[in-house]
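Before any comments, here is the structure.
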Amino acid sequence: MISRALRNTALLILGALALVLVACGSDPAPVPTPVSTATSTATLPTATPEPPPTSTTVPPSPTSATTTQAVIPTVEREVIPRNAEVERLGAATMETLTFLTNEFSPRASGTEEEVVAAEYLRDEFAALGYDASIQPFEVQSISPYGRLLTVDEPQEMDIQAFPMWMTAAGVVTGQMVDVGRALSDDIPNDGLDGRIALIERGEVTFDEKVTAVFNAGAIGAVVYNNEPGPFVGALGGETIPAVAVSQEDGDMLKSLVEDGPVTATIRLEYTEESRNVIADKPGTADDGRVVVLGGHYDTVPDVPGANDNGSGIATLLTIAREIADREYPFTVRFIAFGAEELGLHGSQHYVGQLSDEEIASTVAMLNFDALGSGPTTATLGTLSLQSMVEEYAEQHGIDIRIRYTMDWGSSDHAAFHDAGIDHIFFLGEDFSRIHTPDDKLEFVETELLGTSAFLGMALLDMLAEDGG
Ligand SMILES: [Zn+2]
């Protein structure tokens, strides 16, 4: 740990260097809304260094020594242990998360699943008295997640694949043909009509390879690396759906094709539209100031997304319930962002459509993403907000980790960061299961959910007191 003064200077430098890397089916029947046991009566405990002892015995005052010793009744005062509030909020959030995950997962970006989830969230916020609406926006993107390449015959296999940059979208199924490096001599004389070409990297550009097989009638292309590991390559323009796979998988496919007919499917789904859910509690000051509490509600395809990002959305709903009948000088704006997994599209759209005045009036953005798994709650963001949260956590005996950089991944605070808006990102530190079928409820920790809700609400109150 570096000293606060040193840290502040160092952080100003480090903050600027923060690395960015984007980095996490079924028609649901109408379902009843979960009834949360946690109502919003409890007030946030004031910061006391040490919890008072459970029962207070007022020592008899010396003046009464001469009189018979009156028995002074002991006063039982209910004291809320520091983490009881975290526990209560954690339990409420886990209840919401369980419902969300069981009833509304997966929520792949830009799909019908995302639409249904957005409507559920809008209705949840509206039921709590917020001014809730859906903000649609255009997305021109192919999801890099999901079952992009499968072998269907002779046996079913999922192959890890990445969309080639500038690939065409589409879902194509056909017999796989090994065409070497797709040099002119490699293309069979009878063409490649209706086939999927298996192509090795090297010698000529990816664009030349894919164009060559396209011209020969191929409906899709699988390009494999000529050195160990996966890769992503770029094409010159859209022809056919084309994906990149590792050398290991390429070699495996090559020998499978040598052994007999292989049928494969490439799935590159194009997302054209997504939506944010926005829910406002107007401020009493009516001066345009806004504090945003956000997190993305979409998941990558085919995963439960309990931690990424059910945990953040459930935390937002808990805070919304807890503060539903409180007042703040600024507008409190909850935003569930869509299409984050495709490239932070929802938050970029929201910030992109703000006027300069609206940007200047955005006091702060609190981002909640993948906060449910890891040793402790961590935060990343603007120094002043981090220090406020750190101090408050210390006063309440809550362990958190203050991060200054993120060595991989990013999230919806990034667009606010880029617009110069103060922001803080609440996260867990175990990302080992996100974007996988293992991102399940059982790996989400109730205490981490409660801690983020607790600290998020505390920061909101501190900003209000601060005249934020
Ligand atoms: Zn996420």
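The values are calculated or read from the model by the stated rules, or taken from the named source; none is laboratory data. Here the structure is a predicted model, which is why all the values come from computation and not from measurement. Every residue, glycine among them, receives a Cβ derived from its backbone with ideal geometry; neighbour counts consider all protein chains shown. Side chains are part of the model used for accessible areas, which takes the heavy atoms of the whole protein and leaves out ligands, DNA and RNA. Shrake-Rupley method; radii C 1.70, N 1.55, O 1.52, S 1.80 Å.
Report the residue count in the stretch 356-369 for those that are open to solvent by less than 50 Å² (accessible area, probe 1.4 Å) and away from the ligand (no atom under 16 Å from the Cβ).
5
Of everything listed in (1) away from the ligand (no atom under 12 Å from the Cβ); (2) part of a helix (DSSP H, G or I); (3) of a type outside the set (Phe, Trp, Tyr), the single unmet condition for residue 374 is (2). For the stretch 385-394, does any single residue satisfy the condition of being modelled with pLDDT of 95 or more and part of a loop (DSSP other than H, G, I, E, B)? No - not one qualifying residue is present in the stretch 385-394. Candidates are the residues of the stretch 406-422 that are in contact with a Leu (Cβ under 7 Å, 6 or more places away or on another chain) and not in a helix (DSSP H, G or I); the one that is surrounded by the most Cβ atoms within 10 Å (Cβ to Cβ) is 412. Residues of the stretch 314-343 that are open to solvent by 10 Å² or more (accessible area, probe 1.4 Å) and within 16 Å of the ligand (Cβ to nearest atom): 342, 343. All conditions in (1) away from the ligand (no atom under 15 Å from the Cβ); (2) open to solvent by less than 10 Å² (accessible area, probe 1.4 Å) hold for residue 347, with the sole exception of (1).
When 448, 441 are checked against the criterion of being open to solvent by less than 40 Å² (accessible area, probe 1.4 Å) and either within 16 Å of the ligand (Cβ to nearest atom) or at pLDDT 95 or above (or both), a single residue qualifies: 448. Selection of the stretch 346-371 for residues being among the small types (Gly, Ala, Ser), in a helix (DSSP H, G or I) and farther than 29 Å from residue 306 by Cα yields only 360.
Say whether the condition of being away from the ligand (no atom under 15 Å from the Cβ) and of a type in the set (D, E, K, R) is met by at least one residue in the stretch 295-313. Yes: one or more hits. Taking (1) more than 14 Å from residue 222 (Cβ to Cβ); (2) outside any strand (DSSP E or B); (3) open to solvent by less than 60 Å² (accessible area, probe 1.4 Å) in turn, residue 155 satisfies each apart from (3).
If the condition is being open to solvent by 30 Å² or more (accessible area, probe 1.4 Å) and either closer than 20 Å to residue 260 by Cα or small (Gly, Ala, Ser) (or both), then the stretch 190-211 contributes 190, 193, 194, 195, 200. Within the stretch 385-432, can you find the residues that are within 12 Å of the ligand (Cβ to nearest atom) and not hydrophobic (A, V, I, L, M, F, W, C)? Across the stretch 385-432, the qualifying residues are 409, 410, 411, 412, 413, 428. Against the list (1) touching a helix residue (DSSP H, G or I) at 6+ places or on another chain (Cβ under 6 Å); (2) assigned to a strand (DSSP E or B), the condition residue 138 fails is (1). The single condition from (1) closer than 25 Å to residue 270 by Cβ; (2) open to solvent by 50 Å² or more (accessible area, probe 1.4 Å); (3) not hydrophobic (A, V, I, L, M, F, W, C) that residue 226 fails is (1). Of the numbered criteria (1) part of a strand (DSSP E or B); (2) in contact with a Pro (Cβ under 7 Å, 6 or more places away or on another chain), the one residue 167 fails is (1).
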